[in-house]
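Okay, structure first, notes after.
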């Protein structure tokens with residue numbers, strides 16, 4: 001029987017939980033990654049008070065963001081994003097397009113400021129042309145963004 005470590009999340013962790021959730025994880029994962037990165041804190045009696053504060057802040061943010069998320073989705077869907085990248089013969093890129101590249105391209109196209117962790121690339125973008133990218137603006141709102149990767153001059 002494996003021993004688990006109880007932690008309180010302070011940030012959203014995909015596949016684990018949202019801020020304020022009490023989770024049980026492997027001790028190494030908690031001690032070596034979650035706690036040092038500031039993603040989680042040790043679950044203690046004093047920390048239970050912090051849970052309420054974290055959850056209240058999250059609820060206020062989510063209620064405010066649901067309507068705002070629809071606006072951001074509308075901005076993203078109507079946006080034409082061109083991303084210049086270095087390419088070789090046959091339209092193959094040197095390297096690949098990352099979610100950080102997509103964020104900067106959206107901003108330079110006049111779109112909203114996004115977090116790179118909200119962007120999901122279905123597969124690495126390694127060629128010129130049009131590519132679809134999913135932006136998870138809110139847990140209930142996703143936008144499909146078309147990115148045109150062009151050769152940089």
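Some observations on this one:
- Contact order relative to length of segment 5-70, as percent, for alpha carbon pairs under 8 angstrom and 6 or more apart: 32 percent
- Per-residue ellipticity at 222 nm from helix content only, as computed over the chain with -39500 (n - 2.57) for each DSSP H run of at least four residues, stands at -9500 deg cm²/dmol.
- Relative contact order of the chain, taken over Cα pairs closer than 8 Å and 6 or more residues apart, is 19 percent.
- Convex hull per residue volume in Å³, alpha carbons only, for segment 5-70: 78 Å³
- Distance between segment 70-87 and segment 8-54 - C-alpha centres, whole angstrom: 34 Å
Where a number appears in this text, it was derived from the coordinates with a stated rule and is not lab data. All values reported here derive from a predicted model rather than from experimental measurement.
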